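Below: the structure, in structure tokens.
The values are calculated or read from the model by the stated rules, or taken from the named source; none is laboratory data. Predicted, not measured: the structure shown is a model, and the values here were computed from it. Every residue, glycine among them, receives a Cβ derived from its backbone with ideal geometry; neighbour counts consider all protein chains shown. For the accessible areas, the whole protein counts, side chains as well, though only heavy atoms, and no ligand, DNA or RNA atoms are used. Shrake-Rupley method; radii C 1.70, N 1.55, O 1.52, S 1.80 Å.
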Amino acid sequence: MHLLLVGISHRTAPVDLRERVDFHARGLPAALGALAQRGSARETAVLSTCNRAELYVACEHLDHARVELVRFLSEFHGVDGVELKPHIYESVDLDVAQHLFRVAAGLDSLVVGEPQILGQVKDAHAAAVTAKTAGPVLNRLFHFSFGAGKRVRAETALGSGAVSVSFAAVALARKIFGDLKGRSVLVVGAGEMGKLTALHMKSQGVHRVTIISRTMGHAARTAEAIGGASAAPWEELDDLLGTSDIVITATGAAAPILTKAHVETIMKPRRSRALFIIDIALPRDVEPAAGEIEQVFLYNIDDLQATVQENLARRGNEVARAEAIVAEEVAKFNLWLRSRGAIPTVVALRQRFEDIRKAELQRLDYRLPTDARARIDEVTRLIVEKLLLTPTEQLKALGATGDVEQLAASTETLTRLFDLAPAQPSTTEELERESSERVKPFPRPSTKTGR
Amino acid sequence: MEFGPLVVYLAAAVAYVWHFARRQRGVGRAATAALVAGVLWHTFVIGMQTMESGHVPMTNQSSLISTFVWLLGVAYFCTELASDERAMGAFIVPLMAALQSIPAFHPVAEERAAILQGPLFQVHVSSLLFAYASFALACMIGVTYVLLFKEIKAKHLGFFYARLPSLQVLDSMNQMAIVVGWIFLTIGMVSGVVWAGQAQVYAAGDSRVQSMSLADPKIFVALVCWGIYSFQVFAARRIGWGGRRSAYLSALGFAIVLLNLVPISYFLPGSHAF
């Protein structure tokens, strides 16, 4: 069984092509169904976001599946194969795992460390599970990728720090006030930038957003555009400054509208209640010296941009640590993948023992009362399972070490000793059952055999 | 006896600081596990001493500090459980380890002086210990507040910005710790005065009882502490001394508490030389 990935992403394809190869237009279930019908792969999953469209499959014949998947991409979306081909990348086996783990960790994203991608990977897996196209291999692959994504988020600062000015302002406000619910926001000036930042604050659930402008009409219009905000006349500026927690200034005034002395008089009755002023106007609306006042936090657009730059640089520094985590998780997945090499022999061995047990039971069968028969069936089944438990685990462990020659020698010996048929488990379900089966405690509901 | 917890606290302190710097989940869990192990071991040690002497070990400076460290450990662990926030451990647990080294290197056996019997004495010492543990928490929270405050003011959002809860949260945690500490400090001092009054009767000849007055260094410094914390609880916020100034005040208050707990006890014993 091989893993294969075929896809396009923001790294290889321009946006107009990505738009045409977006699976969301016709829905993931339709895509998964169409892909499964082609029969070139045992297990399939589709990861589709605005930056990537990727097919993950587990298959027996790589070359065949490779050709089929590319053809599927072009036929399903009606995109000319010749046009599509140069933008397609593919990976095989462990490289597939590495790619998916990097994607889930946000390492392959346009904005490195962005948080949405892990959810999208989870959605891709959920869709494949619902469509019943994911089997034991892809299930395990995706679960490992969730683990890798979570570890990178928890153990590195890859996703930390806002990377846009508006988010930087919101993040700062949260660092000063904690929860923003119940906080009041005052926007001075009715411009576009102020509106945008106010919208971000609003989405954080602030209690009140008030727009104030020298022209009441402008303020009212902006307040309406934000929705749930109110407008106030310019005369109320000082009162509103006194009762607000966050002030966004974005007027077109040529001279500062808030001087240090002005802010000092505002702060007096507030005692030690913090005031966060975001000055996004150019030229500036607030005298920089106002930031020296105790409990006044003054940030202008340049300050916010500087923190965004710092955050981006910090994310860059975390990439190496995140890559190391991905490599660790790939190694773990590799162990699991290798341990599956022993599975055909394990299945054959179990089948052999089971056949012998069944045959002997059959000979006893007609001489025994029903309840005794059930009892003996149960006991013999347990004996066989317990006898096989250690060899099974040893064989899987041998597979996990990756020592292919040793594994081959052992399976060869077993095959000869027990005269095993060269069993190939026919369905993936059987594999899954096989790899998760454990000896159950005695007694359990008996299964009757024979007549 | 006191060495075991010290070693585990040291390990926990290293793990907390490491977790704070590198934020590895496993290290954080190990830190908490080490702290719990240390506190449990410490509980056992204190329990043994209690069995031996018949009361909680707090009649001499070494055991007093040991009990204080234990209380601080319990208080911090509760805070961590409640807030799911390990950042503060990097500040508190090293302090615990440092203080625990005193009883570890200067163990003093518990004595059973007749003068120290009676419930009021127990109330006196345990309230004060609890108050001091709260003040220690408040101080460390105050320190982290100032560190974060400075980063935000300087517009350099770095190390602490990424790791600490918000200023508002730190400020209210600090305030709560101060209020709780102040209540217990008051109870401890009142019960101390009443107990001293009783002792004047049944142990009038004891020189230590005779020197229990405002001029005694330990009593005087405790009163200064009470003054500072009362100001912080009742007056500071009314005159705009919240936030950073409040944080500085809690650091100052705890510095004086420490002064009372360690150097004054060792070098100027006076009335409290038990």
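Note on residue A:175: aspartates and glutamates with a C-alpha under 16 Å away, same-chain residues under 8 apart excluded, are A:245, A:303, B:85, B:151, B:171. Going by a ≥ b ≥ c, the root eigenvalues of the Cα gyration tensor, does region A:1-148 fall in the rounded group (a/c under 1.5), the prolate group (a/b larger than b/c) or the oblate group? Here region A:1-148 falls in the rounded category. For chain A, the antiparallel share of DSSP beta bridges with both residues in that region comes to about 50%.
Ranking of B:189, A:193 by solvent-accessible surface, largest first: A:193, B:189 (1.4 Å probe, protein heavy atoms only, all chains present). Of B:78, A:59, the residue with the largest accessible area leads and the full order is B:78, A:59 (1.4 Å probe).
Derived value for region A:209-270: Kirkwood hydrodynamic radius 12.5 Å. Basis is the mean of 1/r over every pair of different alpha-carbon atoms. For the protein assembly as shown, the Cβ-based charge dipole about the Cα centre amounts to some 940 debye (Lys, Arg positive; Asp, Glu negative; other atoms uncharged). For residue B:156, the accessible surface of its heavy atoms amounts to roughly 110 Å² (probe 1.4 Å, protein chains only, rounded to the nearest 10).
Using θ = phi - 60° in the Karplus curve 6.51 cos²θ - 1.76 cosθ + 1.60, the 3J(HN,Hα) couplings for region B:148-157 round to 5, 4, 5, 5, 5, 5, 7, 6, 10, 8 Hz; x is entered for Gly and Pro.
Taking all protein chains together, B:86, A:340 sort by accessible area into B:86, A:340, largest first [probe 1.4 Å].
Buried on complex formation within region A:143-172 (loss of at least 30 square angstrom of accessible surface versus the isolated chain, 1.4 Å probe, ligands and nucleic acids ignored): A:154, A:155, A:172. Spin-label model, residue A:351/residue A:378: points 7 Å from Cα along the beta carbon direction are separated by 2.9 nm.
In the complete set of protein chains, residue-level accessible area for residue B:135 is approximately 0 Å², probe 1.4 angstrom. For chain A, the longest principal axis of the C-alpha atoms and the axis of helix A:260-270 are separated by about 70°.
Spread over its residues, the convex hull of the C-alpha atoms of region A:285-343 is 124 Å³ per residue. Taking the Cα centre of each part, how many Å lie between region A:202-263 and region A:129-164? Spelled out, the Cα-based centre of one part sits 42 Å from the other. For a paramagnetic label modelled on residue A:164 (point 7 Å from Cα along Cα→Cβ), amide N atoms under 17 Å away belong, within region A:14-58, to A:50-51. Look at the alpha carbon pairs under 8 Å that are at least 6 residues apart: their mean separation over the length of chain A gives a relative contact order of 12 percent. Around the amide H of residue A:2, modelled in the peptide plane, lie the amide H atoms of A:59, A:60, all under 5 Å away and 5 or more residues distant in sequence or on another chain. Divided by 2.2 N^0.38 Å, where N counts the residues, the Cα radius of gyration of region B:136-191 comes to 1.40. Candidate cross-link partners of residue A:132 among the lysines, defined by an alpha-carbon separation under 18 Å and a same-chain spacing of 8 or more, comprise A:122.
In terms of its C-alpha gyration tensor, the protein assembly as shown comes out oblate, because a/c is 1.5 or above while a/b does not outweigh b/c. Anisotropy class assigned to region A:319-428 is prolate, per the alpha carbon gyration tensor with a/c at or over the 1.5 cut-off and a/b larger than b/c. Take the Cβ atoms of residue B:3 and residue B:122, set R0 to 25 Å, and the FRET efficiency comes out at 0.40.
Once all protein chains are placed together, residue A:140 keeps about 100 Å² accessible to a 1.4 angstrom probe. Note that region A:411-417 has calculated 3J(HN,Hα) couplings of 5, 4, 4, 4, 4, 6, 4 Hz, one per residue in order, obtained from phi through the Karplus relation 6.51 cos²θ - 1.76 cosθ + 1.60 (θ = phi - 60°); glycine and proline are x.
Taking each residue as 0.36 nm, the span from residue A:146 to residue A:292 lengthens on full extension beyond its C-alpha to C-alpha distance by 48.0 nm.
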